[in-house]
1. For B:Y104, what charge total do you get from the other residues with a beta carbon under 15 Å from its beta carbon, if Lys and Arg give +1 and Asp and Glu give -1?
2. When we measure straight from the Cα of A:K232, which lysines land under 18 angstrom away, once same-chain ones fewer than 8 places off are left out?
3. Would you calculate the separation in nanometres between label points at B:V108 and A:A542, each defined as 7 Å from the Cα along the Cα-to-beta-carbon direction?
4. Mind putting a number on the dipole of the stretch A:339-561 about its Cα centre? Charges go on the C-beta only, +1 for Lys and Arg and -1 for Asp and Glu, and I need it in Debye to the nearest 20.
5. Using the Cα centre of the protein assembly as shown as the reference point, and only Cβ charges (+1 on K/R, -1 on D/E), how large is the resulting charge dipole? Debye, rounded to the nearest 20.
6. Treating the Cα atoms of the stretch A:138-243 as identical point scatterers in vacuum, please give the log10 of the normalised Debye intensity I(q)/I(0) at q = 0.18, 0.19 Å⁻¹, two decimals.
7. Taking the Cα centroid of the stretch C:237-285 and of the stretch A:200-250, what is the distance between the two, rounded to the nearest whole Å?
8. What's the long-distance tail for the stretch C:109-323, i.e. % of Cα pairs beyond 21 Å?
Amino acid sequence: MRRKFGAVLVGSLTLALAATACQSNTGGPGPGPTNVAGGSFITVNDAKGPAPEVPGAVKGGTVTAIGSTDFDDRDPQANYRGDGILVYGQLIFRALTGYYEDIAADGKITLKLMGDLATSTGTTTDGCKTWSYTLRDGIKFQDGSAITSKDIAYGVSRSFDGALATGPQYVQKYLAGSDDYASFYKGPFAAPGTTSPGIETPDDKTLIFKLGAAHCDFPMAVALPTTIPVPKAKDTGPETYQNAMVASGPYQIESWTHGEKMTLVRNTNWDPASDPLRHSYPDKWVFDWSGTDPAIVSKRFVDDAPADQAAIQWENVPSEALPDVLNNPAAKARAVEGDTVFNIYLQINTQRVTDVDVRRALNYAYNKKAHLQVIGGEFAGKVSTTITAPTVPGYKKYDAYPAPDTGDVDKAKALLAGKTVPPLKYCFRPGTPVREQVAAATKENLERAGFQIVMTPTDATTHNTLVGRKSFQMGCDLLTYGWGQDFPSNSTVVGVLMKGGASIQAEGNVNVSLFDNAGVNAEIDRLASEPDVAKAAEGYMALDEKIMKEFAPLIPIYYDHSFSLAGSKIGGLYLSGTWGSPSLQNVWVKS
Amino acid sequence: MSETTTSGDRGVKATSDIVGEMMASTELSVNAPDVAEPVRAGAIVGRSPGQLAWMRLRRDRVAVASAGVLGFTVLVVLAAPLIEWLYGDDPERGHSELLNSIGYPIGVAGGASGDHWLGITPQRGYDLFLQLIFGARTSLGIAVTASVLAVSLGVVVGVLAGYVGGWIDRMVVWFTDFMLAFPFFLFAIALVPSLSSRLADSFGEVAVWKRIAVIIALFTVFGWMTTARIVRGQVISLREREYVEAARAAGAGTAHMLFRQLLPNVWAPILVVFSLSIPANVTLEAALSFLNIGITEPTPDLGRLILQGASNVSNFGLIPWVVFVPALSLFILVLAFNLLGDAVRDALDPKSSR
Amino acid sequence: MLRFILKRSLIAILTLWAISSVTFFVFFALPANPAETMCGKNCDVRTIAAIQKNLGMDKPLPKQYLDYHAGLFVGRDFERQGREAQHCPAPCLAYSFRTNEPVTSIIGRAWPVTASIVVGGAVIWLTVGISLGMFSALRRGTVFDKTAIAFSLVGASMPIYVFAILLLATFVFGLHLLPYPHFVGLLEDPVGWVKALILPWFALAFIFAAQYARLSRSQMLETLSEDYIRTARAIGLSKRTVHLKHAFRAAITPIVTIAGIDIGGALGGAVITETIFGLQGMGWYAVRAIPNLNFPVIMATVLVAAFFLVAANVIVDCLYAVIDPRVKLN
């Protein structure tokens, strides 16, 4: 999943997602709860609307979210940034399935996968190859017309179009049975009047997916925006539909000036009784992206002036504003804080830096503390030692290269003794003071151990394209790159980041360290077809540790942390571990 | 007065708003063609105009003080490596160990100590004192080089247009107007990244000197017009003077005409423009950093330091020196340049009462 | 006179054409791969191909150049792969594919903001700057004069980004005298309009007022030493008449000229002021377009800014000819 603001992550995620964990025929994480950070993850197949009331919450008011970057892609099928998916899913659009985060009195979050437009998360009778869904009653678009299975089928079909390729690609690839979904079906714009092969709509309430290969995580894949229903009659094309999108959730778009401001008002045709996932306390939402300087935006929140009291800060407090926030107990009490799903690495090109001891020495030498000091310390992240982030089911802490947070120069030098290491090319994205300070810190702290680092700033403007391009990756020894799960399974983390062989593609390659080991590839394949989710999660974690100990293809730097502020009149705000953003699910305005 | 001279006389104005916003003082040169009348040759006392101006300048206490400030700055900047060696630190060394976990200096007054006189900068923990000296070196180096190049180019173009006249003159006037109509700042933000990416070597690395060269080139290309207009106006008015006519009648060659007769009499406005364009370039270069283009980490840069100070205004209690020392240094520097520029103009102006 | 205006306008059009050509070259011919540069975030091979097609970059450069300029006058259609063409009505500066709208509609939104900042700021800086300069010239050597000189030197030596941030820190976050600027239209809410713009006006005006004070002071001193002023005094005209009718009018002429160009330049976008105060004017869009790689927007803002500058040049040339009796037109 792409990170908020896209600062670290790859641009297009042409994910080579192999068959993921298969288990019981209900899909999802299976009958027993799987542990996720601070809570658990379960599948609920009999959820009924409306969603349980939030204690104390009242209706009314306008909530403003202030940030500096719009959601990149607006079309429902093209949106793929964590916070964009969150806003679409929680406020504007409904999909086939969805997540509800149930917060207990002690703050523990139970993440529930439920049927959204569908009554359940899906049923299969042939080992995850065919999935059937029945739609709920009372589901309507903003114009009052009923949402039918054909609208969802059309939504999925249009996601095949090349112009919408920036969105998630799991469902397309699952239907195609291969990564090359474009040659499977070109989409309804290139072939008018068609829907994707493999989708059947025997009646308006029934939807059947016949996948090209068995995928037991299909219920999670259809929770992504790919299955947002689109009324075919209103679709003006992949470039222009985003200007007149038809809402299916509790709010509809009143106006949206891209990169500046979006206003949402109530969708009167949304029936809470048909929706077990969503509340709709505020009357109106405003997303304001005019705040150019995050430090000034933070000051507005510390200040809590009347105009900003019903507002949410939609980005992290930058380091310049941190002392101000921390010295102000009233402001600090209004902070929304928590770990996100992202883990940030310094990837080592294993095909250029072939000596594993050099890669180990790099792991020892790196000064993670200096890196964090630039971006905001423990409020921006916590020192990371694994490939898997703690939010991923099955995470277990280990440290393959124990050293202080500042690194262990002596251990690094000992590993390098007698070796001549050529200068290492460090590729980084330039363009902002923070990025450049991080780069300067990286160069300095690796050179302490005797490495010679050649600073290679990429073209800031095309960085996101470059970083997923194999030919570019081959020109770098070190490359900063982060990753977060697409759904709660390590198959979307270790399963894609460390998978070699055919999954290393020329474009959109997420295996940035170009790590390709036959044993590891075989193990990833085995885990993907492991029917017991808990066992698979354990297996991925063991594989994670084995990879780091034996091959050291990357340096884990920090587990991303979110720290932002909210105005004093905002109630029900918490940090969603699923999306790595403040969750809008329970938000209401205090009067 | 002919129409062409009108546009020459109209004077010179910073073009894009940003230049206007920041180029504090270029307008002064607007009236240079009117105010700084050609210095009359052969004053009564028998002193050359240059000697007269020098005398006036020496008697001006503000000018002497400003020159002192600037001279000291130049000295410090030139001796930067020596100071670094004596001081015992490196401006590009980050002192992570002196920062707390969120990147702010431990200890009072921004971590000021015997080793770090002005404390250290937040986030990276650079020594502020050395950053300031080396930052000023980068910024002044760029500003002075760009000013020298721009003014020289302006003189060449202006003399050419004014002396040769005819269609060359008309072309130059039009081209000057054309260049002045360019929204320089908008153009710079678009051009610098694109140009820098072209200059990357096969590894994608853009050497620091190339970045500096791009900025200097940009300042030069967009900075010569003021000088050119003024010089052209002066040369046209001088061309018809009796002493020039006399020299021409005596059969003087072009080189003699240019270097012995014309140029000595346009020095005054040229010096003024030059002294005023240096601070304008310093602020402009800093403004480029404000928008994240220009000189990048870890090369110290005064503009970037000021930015860091500005965004840390609310952290004054934590890092007082970072907040105001760089901004104050630039302010004093620009003030000194402005005062000296004014003094030079007054000294060279025969009508000045001072 | 008419001939003069026509001639100046013709030259201005020529200048604009040259600027648009250079801009075209910088954005379409200079980058290694313009489509990739414009593609920006989330770019993949297919998107690049689509952009190339959309912007007509698959055609030879001279053809692109002609299309681009034709768009300015008659509008143009951007072709789409297997889809309906996207029409961009004249004057088609460019089409922003990131925001899916002709750039002219962005400029339509941004320009009122910039105009509000610049016009309000200009009123302040002209009033304060010119009166300060004039009075200090008339009271040369007094404490008032020295204070005015000090003010103008401080203003002329202070970078606007430092001053603007100080204003915000003091009046908004320190003393809580003003709310953080949120732009509203003048007609919607005049009080809110003033509240939102007062700080930007002062930020902009402080820097400019200082320059105008210096300039008008030296102009006034210059004029006061002229022979005709001495003559006017000698024939017994009142001080008031001499200063206002004769000296002021002569001294203000070059200032009007410069003010015209300053305002023309600022109308293209007060980049730093807009950035710091988060006001969505032309400069804000240009700066925002850089990390978002919205090159059509950057290009258009360059052209619009150039248009205002060139237009200001023409107006000022004509005004100059009208105001200053010494200028002969031929």
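1. Summing Lys/Arg as +1 and Asp/Glu as -1 gives -2.
2. Qualifying lysines at Cα under 18 Å: A:K140, A:K150, A:K186, A:K205.
3. It is 5.9 nm.
4. 460 debye
5. Roughly 3580 debye, rounded to the nearest 20.
6. -0.86, -0.96
7. With the stretch C:237-285 and the stretch A:200-250 each reduced to a Cα centre, they are spaced 57 Å.
8. 60 percent
The values are calculated or read from the model by the stated rules, or taken from the named source; none is laboratory data. All values derive from a computational prediction rather than experimental measurement. Cβ coordinates were reconstructed from backbone atoms using ideal geometry, including for glycine residues, and neighbour counts include every protein chain displayed. For accessibility, only protein heavy atoms count, side chains too; no ligands or nucleic acids. Shrake-Rupley method; radii C 1.70, N 1.55, O 1.52, S 1.80 Å.
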